[in-house]
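Note sheet for the following structure.
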Amino acid sequence: MNEFGKVTAAMVKEFKKIVGENAVVYGDGDALNNYSRDESGGEYYSHMPDVVVKPESAKQVSELVKIANKERIPITPRGAGSGLAGAAVPIYGGIVISMEKMNRILGIDKMNMVAIVEPGVVTNDLCRKVSEGGLYYAGYPMSVETSFIGGNVATNAGGSKVIKYGNTVHHVLGIEAVLPNGEIVQFGGKRRKDSSGYDITHLLVGSEGTLGIFTKIFLNLIPLPGKTVDLLAPFRDVFTAISNVGTLITESRTLPSSVEFIDDTSIALGSKYNNITLPFQEKAGAYLIIQYEGQGKSELESIYEKAGKVLIDGGAMDVFVADNRTNSEKIWRMRRNWLEGIKAFAPHTPTGDVVLPTSEIPKIMDYISKVSKEYKVQIPVAGHAADGNLHPAPMKPEKMGLNEWKEFSEEILSKIAMKAAELGGAVSGEHGIGFLKKDLLRKTKRDQYAIMKSFKDVMDPNGIMNPGKIF
Ligand SMILES: Cc1cc2nc3c(=O)[nH]c(=O)nc-3n(C[C@H](O)[C@H](O)[C@H](O)COP(=O)(O)OP(=O)(O)OC[C@H]3O[C@@H](n4cnc5c(N)ncnc54)[C@H](O)[C@@H]3O)c2cc1C
């Protein structure tokens, strides 16, 4: 266990001098409690910070970090707290550095197609702003309305458009970071290529606050896609649905921007929560939601006709085309609100995040169904089918106590994650490791683990930056 220093009243006075009286939360249990958790498990994974500070500039972050490094106080950087791996939970107490006040879009450089943002910008605010100028930020996750860009970069978030545009790492051109010694360094920038030495920019992506605190981010923009069309395809069972994912792309020779998957249990719960009924809901075992982008109506028509034929040949019960906002919104609401829909009926539902080659999805779905029977626990599943990224969500049996459930659900999700790794996958596709999947990371990436740890030790020799996460 790390030997950390303690936050003192004198230190808090220093923090107030740096960021201002109103930007420090100290001694107020209720206010501190808001920073004790993320969305991974509510109160049972929470831990109180000693103090929360809300800087407004890289210089202020740097001054705070220098004090913490000198006194060996743990720091937990925090975005919106929407994470699902416990990565923003201050498990050793200490200082939470919240990025909520660093929420300015610093520039949209149309000539270079780059957005320069502070880390506390809500992802959707950026998407909206760039669209005003005919541009598009394609790296957004499903939590687009709540999560911050800084959190997306720190977790290497995914989303529904990875098959076409890649996950967050593909959109990050540069990062300014405050390193654990307080130094402010810019890695990358507006340039699109860089073969000059190690690519530290992309080492920082997905580092979950363990290597430094991002204070400025340079993001790739592309032209706003013209129009979209959404297809909803119900299938008799999961296996038929999943086996269509690859053929849909190769046989129709069209690249969708999304291929999402949702199973029957999720649909039944989501239907009640969203007050929406989908076609074939009583008979379908699974649905694919597919989105295409194109410049005009006729281009999209020709795409969805080809795609529809492949899906029907592949066993779809029918293919519904949503080419207007109302119908599209209805379909996507089911998928976007998937977790909320389950949590409305089982509030203590943790979420797995396995990724594996798409061809192996039927095997993992079969395994999840076996685990569900063995443990007598319902496990609805949804995910980004085209990326092979699935989210199993075990639901607490009504009579089981919370403490028992915590261990039980961890065991269930660990089994599924280990199986995914065995099938050529990994234990997290987009949510990150946090502290909840540390053991799984160590067990499944044995050969890389020591290399990762040696980067951490070089960059943060005092181990103050988000300790207890990833390692
Ligand atoms: C309903 C729902 C849907 C979701 N859908 C998706 C999805 O489609 N795809 C997906 O990938 N995730 C999804 N998530 C998970 C979550 O939204 C993402 O992990 C998101 O990227 C976290 O961003 P945040 O700002 O909330 O970060 P936080 O949860 O606050 O922090 C996450 C990590 O980032 C670090 N961090 C935050 N800011 C900085 C910074 N400035 N510098 C350094 N480190 C920093 C923290 O220390 C922590 O390690 C979903 C969550 C919910 C609740």
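State which residue is farthest from VAL458 (Cα to Cα) when the search covers only the stretch 175-202 and only residues that are exposed (fewer than 15 other Cβ atoms within 10 Å of the Cβ) and within 16 Å of the ligand (Cβ to nearest atom).
GLN186
Pairs please, first residue from the stretch 150-162 and farther than 11 Å from GLY206 by Cβ, second anywhere and outside any helix (DSSP H, G or I) and aromatic (Phe, Trp, Tyr), Cβ atoms under 9 Å, 6+ apart in sequence or on different chains.
From the stretch 150-162, the pairs are GLY150/PHE214; GLY159/TYR140; SER160/TYR140; LYS161/TYR140.
Would you pick out the residues in the stretch 365-406 that are within 30 Å of PRO256 (Cβ to Cβ) and surrounded by fewer than 17 Cβ atoms within 10 Å (Cβ to Cβ)?
ASP366, SER369
Residue-wise test of (1) touching a strand residue (DSSP E or B) at 6+ places or on another chain (Cβ under 7 Å); (2) outside the structural domain of VAL238 (by TED's automatic domain parsing).
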| position | (1), (2) |
| --- | --- |
| VAL321 | yes, no |
| ASN327 | no, no |
| LYS330 | no, no |
| GLY341 | no, yes |
| ASP353 | yes, yes |
| THR358 | no, yes |
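When you check SER131 against the structure, is it over 17 Å from ILE108 (Cα atoms) and among the small types (Gly, Ala, Ser), yes or no?
no
Among the residues of the stretch 270-287, how many are touching a residue at least 60 places away in the same chain (Cβ under 8 Å) and either loosely packed, with under 14 Cβ neighbours inside 10 Å or within 16 Å of LEU231 (Cα to Cα) (or both)?
Going through the stretch 270-287 one residue at a time, the tally reaches 1.
Report the residue count in the stretch 203-224 for those that are buried (at least 17 other Cβ atoms within 10 Å of the Cβ) and either away from the ligand (no atom under 16 Å from the Cβ) or in a helix (DSSP H, G or I) (or both).
Residues that pass the stated criteria total 3.
Any residue in the stretch 446-471 that's more than 12 Å from THR210 (Cβ to Cβ): show its pairings with residues that are buried (at least 19 other Cβ atoms within 10 Å of the Cβ) at Cβ separation under 6 Å, as long as the two are six or more apart or on different chains.
ASN462/ASN69
Looking at the stretch 128-163, which of the residues that are part of a helix (DSSP H, G or I) and among the aliphatic types (A, V, I, L, M) is nearest to the ligand (Cβ to nearest atom)?
ALA154
Among the listed residues GLY432, GLY424, identify the single one that is within 16 Å of the ligand (Cβ to nearest atom) and modelled with pLDDT of 95 or more.
GLY432
Select from the stretch 457-468 the residues that are among the charged types (D, E, K, R) and more than 20 Å from GLU71 (Cβ to Cβ) and list them in ascending order.
none
If you take the residues of the stretch 435-466 that are within 22 Å of SER40 (Cβ to Cβ) and surrounded by 23 or more Cβ atoms within 10 Å (Cβ to Cβ), which of them is nearest to the ligand (Cβ to nearest atom)?
Within the stretch 435-466, the match that is nearest to the ligand (Cβ to nearest atom) is ASN466.
Quick check: anything in the stretch 81-89 under 18 Å from the mean Cα position of the chain (by Cα), more than 22 Å from LEU204 (Cα to Cα) and not assigned by TED's automatic domain parsing to the domain that holds MET395?
No, the conditions are met nowhere in the stretch 81-89.
Is it the case that some residue within the stretch 342-359 is in a helix (DSSP H, G or I) and closer than 22 Å to GLU251 by Cα?
The answer is yes, given that some residue of the stretch 342-359 is in a helix (DSSP H, G or I) and closer than 22 Å to GLU251 by Cα.
Return the residues of the stretch 194-209 that are under 25 Å from PRO467 (Cβ atoms) and without any contact (Cβ under 8 Å) to a residue 24 or more places away in the chain; say none if nothing qualifies.
Within the stretch 194-209, TYR198, ILE200 meet the criteria.
Hey, can you tell me all the residues within the stretch 97-127 that are touching a residue at least 60 places away in the same chain (Cβ under 8 Å) and more than 9 Å from the ligand (Cβ to nearest atom)?
LYS101, LEU106, ILE108, ASP109, ASN112, MET113, VAL114, ALA115, ILE116, VAL117, LEU126
I'd like to know if the stretch 63-80 contains one or more residues that are within 13 Å of the ligand (Cβ to nearest atom), among the basic types (Lys, Arg) and not in a loop (DSSP other than H, G, I, E, B).
yes
The values are calculated or read from the model by the stated rules, or taken from the named source; none is laboratory data. Since the structure is predicted, the reported quantities are computational estimates derived from the model, not experimental observations. A quick note on method: Cβ atoms are made from the backbone with ideal geometry, for glycine too, and the neighbour counts reach across all protein chains shown.
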